[in-house]
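S.K.: The structure is given below, and queries will be raised subsequently.
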Amino acid sequence: MEDICAQVGKNKQILAAARRVFAATGYYQARVEDIAREAGVGKGTVYEYFTSKEELYLEMLLEIADSYVNGLVAVTGQPGAIRDKLLGIGQHLRGFFLEHGQLARMVLQDPGPVNRELQEHLFLIRKDAVRHVEALLAEAAAAGQIHPVDTDAAARFFLAGLAGVLLPGVIQELAPPEAVTMAVDIFLEGVQGTVDN
């Protein structure tokens with residue numbers, strides 16, 4: 001059991017180092033030697049866990065994408081009013097961009113290899129994120145907190161709106177926290193505005 005824990009720890013250590021190196025240099029300029037040095041391990045150790053730089057890069061992107069949806073699930077599972085949960089989603093997304101903004105800029109400018117498995121995984125993550133927000137909106141509609149709406153379209157609109165407010169800042173300067181509040185309040189004005197009519 002201890003060996004498995006040590007292996008998982010080493011894997012995470014290498015992935016964390018890869019995030020820093022890829023973010024700083026881009027995929028094509030990054031070298032496995034640099035990642036190994038950053039992780040505090042030998043180059044051979046990196047190859048014990050990952051068969052190539054490409055595999056390491058793709059595994060790193062998958063881990064980051066999974067952390068996004070896991071955080072979103074944690075926020076939507078918390079008790080609270082619909083506004084608090086939507087704000088939590090926005091704050092989670094902003095925090096995600098704060099943590100991974102440099103890497104996101106790198107991916108936009110120097111995307112590196114993207115394989116079908118990664119594309120399919122990212123598609124499933126987007127679908128999962130929409131599903132969780134959709135369930136949140138359906139619950140709010142059933143409780144009379146918002147007007148009955150097409151929850152799938154509303155969830156997509158909400159997530160796209162947040163991304164639209166925050167994503168331009170990934171390239172330059174991330175939008176302030178107040179931008180999340182503004183986006184949530186504008187969205188809620190639309191879905192709650194008709195509840196009293």
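S.K.: Given V114, V107, which one is out of contact with any strand residue (DSSP E or B) (no Cβ under 6 Å at 6 or more places or on another chain), part of a helix (DSSP H, G or I) and at pLDDT below 75?
M.R.: V107
S.K.: Is it true that A104 is over 19 Å from G161 (Cβ atoms) and out of contact with any Gly (no Cβ under 6 Å at 6 or more places or on another chain)? Spell out how you get there, then give the answer.
M.R.: Details: over 19 Å from G161 (Cβ atoms): no; out of contact with any Gly (no Cβ under 6 Å at 6 or more places or on another chain): yes.
No, not satisfied.
S.K.: Is it the case that Q145 is polar (S, T, N, Q), in contact (Cβ under 8 Å) with a residue 60 or more places away in the chain and in the same structural domain as Y68 (by TED's automatic domain parsing)?
M.R.: yes
S.K.: Let me ask something else about it. So which pairs qualify, if the first residue must be in segment 5-32 and more than 14 Å from V46 (Cβ to Cβ) and not assigned by TED's automatic domain parsing to the domain that holds G112, the second must be outside any helix (DSSP H, G or I) and modelled with pLDDT of 90 or more, the Cβ gap must be under 9 Å, and the two must be at least 6 apart or on different chains?
M.R.: From segment 5-32, the pairs are A24/A30; T25/R31.
The values are calculated or read from the model by the stated rules, or taken from the named source; none is laboratory data. All values reported here derive from a predicted model rather than from experimental measurement. All Cβ positions, glycine included, derive from the backbone under ideal geometry; neighbour counts span all protein chains shown.
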